[in-house]
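The values are calculated or read from the model by the stated rules, or taken from the named source; none is laboratory data. Note that this is a predicted model, so its numbers are computed, not measured. Don't worry about glycine lacking a Cβ; one is built from the backbone with ideal geometry, like all the others, and counts go over all protein chains shown. Each accessible area value is taken on the protein alone, full model and side chains, heavy atoms only, with ligands, DNA and RNA left out. Shrake-Rupley method; radii C 1.70, N 1.55, O 1.52, S 1.80 Å.
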Amino acid sequence: RAQTPISPGEYVNVVPGNSNTSFDNEYGRHWTINNSKGLLILHPDFLISGTRVGGSFPCPRKSILAEIFKSSVPTLAMLNGTMGHQIFEKCLVASEFSRPFIIKTIDEVISLHIEELFSLDKTEADSRRFLISLVEKIEEWGRIYGPSKQGTNSKYSHRGSRKDQVRVEEVVDIEDSIWSPAYGLKGMVDASVRISKPYNDSITRDSKNQDHKESIIVPFELKTGKYTSASHRAQVILYTLLMADRYDCDINFGLLHYLQQNRMDTVRKIRGELRPIMMRRNEVANSLISNPNDGKELWKLPPMYGSSRECGRCFARDNCMIYHRAFENGDSATSLVPSVYEELEIDSISDEQLGYFQKWMKLLSLEEKPTEGRHSVQNSDIWLLSPTERQRRGDALSHLR
């Protein structure tokens, strides 16, 4: 049974299960999408970041709320993570992982964030302690996985267990920004790297030419936090789609490195994982896009998740609980997590304060609709109409030479 929330008149994009076939030459104007082949992309012109889609597991509400309430309170941990990324990326671009170079880079990066440290009432020493703790781990990554002047093989872990020979040969791009209307996705890939691997590794399953190495481009994602997450895997899987669309080649896996654990995993693009991820992308897109025929004033959010553990530490819990009371007639019981609801003292919000919030949320929602119309309709036209059709409407000049 189909689960994608689709209505008549909405745009979709169908991605065939086999890139060598087409609608016309195999199925006429019909196509079958099922558990084993094909993808259906709802509102493909609405590009959602891979971070948002990946972060929607296990609860899609938090990603939608993060998109609606885009402001966030900066913390030292967030700033340290940003600086850790910048330091690692500078070493990666320079192919230099010596201790003196890393420490020099730490000093340079900290100097670029003095104002942000000041705004957090922190000093350079507060960040330097954390960044210095990464030096040995960055050194080791460069020694094991980085470009080798001697041409020796490095190793990476396959799902945290098996070891397959691989070596990073080249950094193709850093902070690679990719938009893909084919998949309705966008993303900022930490690094696009060219690696070498033998044909007989566990990814290609090819036993021929055991000594011959293949060079391929894959996404590399760096995490500087302490914790691993299934959302990180989802993010890397989506990046394989973005990069395959950008570079017009098959990319079947990506690299995910946890710097503090000094662990690098391969994340394979498996159909069983990709399908639910894209279904979640469709769900998020459907909630964020206002349907002009349904008369909604606000966004329709998925139901409350109801996990004390997940909701208690969720970054969006304040907005989620207030929204639940203001627009879903919610209370402590219907929140499914009364301990979180009561900890945040949501019931202490007066009717006057709640009315103020409701009024301005509705006004902002209504204000955004015409903005969406001018802005996103124009973007939609780019993805959905031919240049000739857009010229006929007076929106473009086509076939210029």
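Points to keep in mind about this one:
- Residue in segment 233-253 that is under 27 Å from V337 (Cα atoms) and under 14 Å from the mean Cα position of the chain (by Cα) present: yes
- Scanning segment 333-358 for residues that are in a loop (DSSP other than H, G, I, E, B) and either surrounded by fewer than 16 Cβ atoms within 10 Å (Cβ to Cβ) or within 32 Å of the chain's Cα centre (by Cα) (or both) gives A333, T334, S335, L336, V337, L344, E345, S350.
- For I138: the one exception among (1) surrounded by 18 or more Cβ atoms within 10 Å (Cβ to Cβ); (2) among the β-branched types (V, I, T); (3) closer than 30 Å to R317 by Cα: (3)
- Scanning segment 236-257 finds one or more residues that are in contact with a Gly (Cβ under 8 Å, 6 or more places away or on another chain), of a type outside the set (A, V, I, L, M) and open to solvent by less than 10 Å² (accessible area, probe 1.4 Å).
- Selected residue (criterion: farthest from the chain's Cα centre (by Cα)) from residues of segment 141-173 that are at pLDDT 90 or above and open to solvent by less than 40 Å² (accessible area, probe 1.4 Å): G142
- Of all residue pairs spaced 6 or more apart or on separate chains, those with beta-carbon atoms under 9 Å, a first member in segment 257-286 that is among the aromatic types (F, W, Y) and a second member that is open to solvent by less than 60 Å² (accessible area, probe 1.4 Å) and assigned to a helix (DSSP H, G or I) are Y258/H232.
- When the residues of segment 304-313 are filtered to those that are touching a residue at least 12 places away in the same chain (Cβ under 8 Å) and out of contact with any Cys (no Cβ under 7 Å at 6 or more places or on another chain), the one that is nearest to E328 (Cα to Cα) is M304.
- Output for segment 113-135, where each listed residue is part of a loop (DSSP other than H, G, I, E, B), within 26 Å of the chain's Cα centre (by Cα) and hydrophobic (A, V, I, L, M, F, W, C): L134
- Any hit, segment 67-82, residues being within 26 Å of the chain's Cα centre (by Cα), farther than 30 Å from R317 by Cβ and of a type in the set (S, T, Y): no
- Annotation: I251 fulfils all but one of (1) within 19 Å of L185 (Cα to Cα); (2) at pLDDT 95 or above; the unmet one is (2).
- Comparison of E342, E310, E328, E273 shows that the only residue that is out of contact with any helix residue (DSSP H, G or I) (no Cβ under 8 Å at 6 or more places or on another chain), farther than 29 Å from P74 by Cβ and of a type outside the set (G, A, S) is E328.
- When F57, F97, F69 are screened for being of a type outside the set (D, E), touching a Ser or Thr at 6+ places or on another chain (Cβ under 7 Å) and open to solvent by 20 Å² or more (accessible area, probe 1.4 Å), only F57 passes.
- Given (1) within 24 Å of S72 (Cα to Cα); (2) open to solvent by less than 60 Å² (accessible area, probe 1.4 Å); (3) more than 17 Å from the chain's Cα centre (by Cα), index of the condition N262 fails: (1)
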